[in-house]
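S.K.: One structure coming up, written as structure tokens, with questions to follow.
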Amino acid sequence: MKRIVILGSTGSIGRNALWVAERFPDRFQVVGLGAGKNVELLAEQVQRFRPRVVSVLTAELAGDLRRRLPSGTEVLAGLSGYQQVAALPESELVLSAMVGAAGLMPTLAALRAGKDVALANKETLVMAGDLVTTEVGRHQVRLLPVDSEHSAVFQALTGHRRQDLNRIVLTASGGPFLHASLEELQRVTPAQALAHPNWRMGPKVTIDSATLMNKGLEVIEARWLFDLDLSQVAVAIHPQSIVHSLVEYVDGSVIAQLGIPDMRVPIAYALSYPERLALDLPPLDLLAVQTLTFLEPDRVRFPCLGLAFAALKAGGTMPAVLNAANEMAVEAFLAGRIPFLAIGGVVEETLERHRSSPAVEVEVILSADRWAREEAHRIIDRLS
């Protein structure tokens, strides 16, 4: 029996993780949950899984949640609450699935408490990759990838010598606007951008997929997860979302992981690693798929991918600024304040205004994050 904590339990990844836990009650015990504002769904999850401790965003929400629950579950709030849940003494593995920069401090709390972490919160490594991987080494814990692309790389690396690695290729579906013209992209609505052709994800990640920023963030995440040079990470558009990523070795061999586009597969693998669970999902039928295609990303129509590569190359606090500005721009787009194509513009202008500092302390990283949000807010106000 593996005792687990799920941070971000009411989001897409969290709900799928609980789906896995519910189907394998002899394998997993949920001892802690963290969520944001969705108190109604969290109350249902607490009733089903009976965790000892849960945390929500604010003290007011915590009071609302307590009124919905029977006695026996401790309810916490805010950053300190998330960190306490992440560091629960009885837990063995923490699934970090909070959205955005909010996941950094709870993830660090889990690592510092000696917990293995299944990482779905890519922003943690985007903002503080050096700091996080140092904590992983210091506490001798495992950082297990949950993103389908990084899980694919993780699986394709298993059993092979790292010195034989040439590069990895992260695949991207291309989102709903793969073949849209610049003129068409100027008229994109939030509803259109949220209609992903292959995956069912939360709104932030879905918009990031539409702009290709999600792939840019994953490039930065992969650099830290697998200790790679920038030159060792490539991106290919793969509209079918069947080949989740590829690993190329020095002899020219390429090993890929294939599967249906269902996040329950990589989530279950991270939770049960090194074992695999019989999930009873539809099998991959390549005879029905027939064709697998790969395309070069268009960095003119989708500049966010190039901005992420540039931020990674610049290093220091630049990736944290990239992430913060993007979060602000996506929020503004979803609120109807800026057009779709302005997302990349807000990020680029914020990066141009930033003077990078070494990202060696969490306070420096969080300061850069705050600066970027304020700067992006000013840019958005001007545009809207």
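S.K.: Give me the compactness ratio for segment 37-150, meaning the Cα radius of gyration over 2.2 N^0.38 Å.
M.R.: 1.09
S.K.: Return the lysines within reach of Lys115: Cα separation strictly under 17 angstrom, same-chain partners fewer than 8 residues apart disregarded; answer none if there are no such residues.
M.R.: Cα-Cα hits under 17 Å: Lys2.
S.K.: Would you please name the GluC sites (Glu not before Pro) within segment 216-289 that are DSSP coil residues with at most 16 other C-beta atoms within 10 Å of their C-beta?
M.R.: Glu275
S.K.: Could you please rank Lys204, Lys122, Lys313, Lys115, placing first whichever residue has the fewest other Cβ atoms within 10 Å of its Cβ? It would help to have the intermediate numbers written out before the result.
M.R.: Values: Lys204 18, Lys122 28, Lys313 10, Lys115 24.
Lowest count first: Lys313, Lys204, Lys115, Lys122.
S.K.: Moving on to the next point. Taking the Cα centre of the chain as the origin and placing charges on Cβ (Lys, Arg +1; Asp, Glu -1), which of Val99, Val30, Ala210 is farthest toward the positive end of the dipole?
M.R.: Checked the options; the winner is Val30.
S.K.: Quick one: of Lys122/Lys204; Lys122/Lys215; Lys215/Lys313; Lys37/Lys122; Lys37/Lys204, which pairs are farther than 19 Å apart, Cα to Cα?
M.R.: Among Lys122/Lys204; Lys122/Lys215; Lys215/Lys313; Lys37/Lys122; Lys37/Lys204, the Cα-Cα distance tops 19 Å for Lys37/Lys122.
S.K.: Using 0.36 nm times the number of residues separating Ser181 and Lys2, minus their current alpha carbon distance, what extension gain do you get?
M.R.: Net length gain for the segment: 59.5 nm.
S.K.: Taking every DSSP beta bridge with both residues inside the chain, roughly what % is antiparallel (nearest 5)?
M.R.: 30 percent
S.K.: Just in segment 313-364: which GluC sites (Glu not before Pro) are loop by DSSP and have at most 16 other Cβ atoms within 10 Å? Before the final figure, lay out the partial values.
M.R.: Values: sites: Glu327, Glu331, Glu348, Glu349, Glu352, Glu361, Glu363; in loops: Glu361.
Answer in residue order: Glu361.
S.K.: Separate question: What number, rounded to the nearest 500 deg cm²/dmol, is the helix-based mean residue ellipticity at 222 nm of the chain, given -39500 (n - 2.57) per DSSP H run of at least four residues and division by all its residues?
M.R.: It comes out at -14500 deg cm²/dmol, rounded to the nearest 500.
S.K.: Provide the FRET efficiency to the nearest 0.05 for the Asp26-Glu90 pair, computing r from the beta carbons and using R0 = 22 Å.
M.R.: The formula returns an efficiency of 0.80 here.
S.K.: Let me ask you something else. Would you work out the relative contact order for segment 2-145, in percent, from Cα pairs under 8 angstrom that are 6 or more residues apart?
M.R.: Value for segment 2-145: 22 percent.
S.K.: Could I ask something else about it? For segment 251-307 and segment 90-107, what is the separation of their Cα centres, given in Å?
M.R.: What the calculation gives is 23 Å, centre to centre.
S.K.: Oh, and also: Evaluate Rg over Rh across the chain, taking Cα atoms for both radii and Kirkwood's formula for Rh. Numbers along the way, then the final one.
M.R.: Values: Rg = 20.1 Å, Rh = 21.2 Å.
Here Rg/Rh amounts to 0.95.
S.K.: Where in segment 248-355 are there chymotrypsin sites (Phe, Trp or Tyr not before Pro) that are in a DSSP coil and have at most 13 other Cβ atoms within 10 angstrom of their Cβ?
M.R.: Phe294
S.K.: Translational D (Stokes-Einstein, µm²/s) of segment 1-43 at 37 °C and 0.692 mPa s when Rh comes from the Kirkwood sum over C-alpha pairs?
M.R.: 314 µm²/s
S.K.: In segment 2-145, if the dipole is taken from +1 on Lys/Arg beta carbons and -1 on Asp/Glu beta carbons about the Cα centre, which of Leu119, Gln84, Gln45 is farthest to the positive end?
M.R.: Gln45
S.K.: Next question. Using R₀ = 25 Å, calculate the FRET efficiency as 1/(1 + (r/R₀)^6) where r is the Cβ-Cβ separation of Gln192 and Val300; round to 0.05.
M.R.: With R0 = 25 Å, the Cβ-Cβ based efficiency is 0.80.
S.K.: Here's a follow-up. What number in nm² do you get for segment 155-284 if you take the convex hull of its Cα atoms and divide its surface by four?
M.R.: That works out to 9.3 nm².
S.K.: Spin-label point model (7 Å from Cα, Cβ direction): what's the Arg66 to Glu352 distance in nm?
M.R.: The two pseudo-label positions are separated by 5.1 nm.
No value in this document is a laboratory result; all are computed from the given coordinates. Values in this document were obtained by computation on a predicted structure and should not be read as measured data. Positions of Cβ are generated from backbone atoms using ideal geometry, with glycine treated the same way; all protein chains shown enter the neighbour counts.
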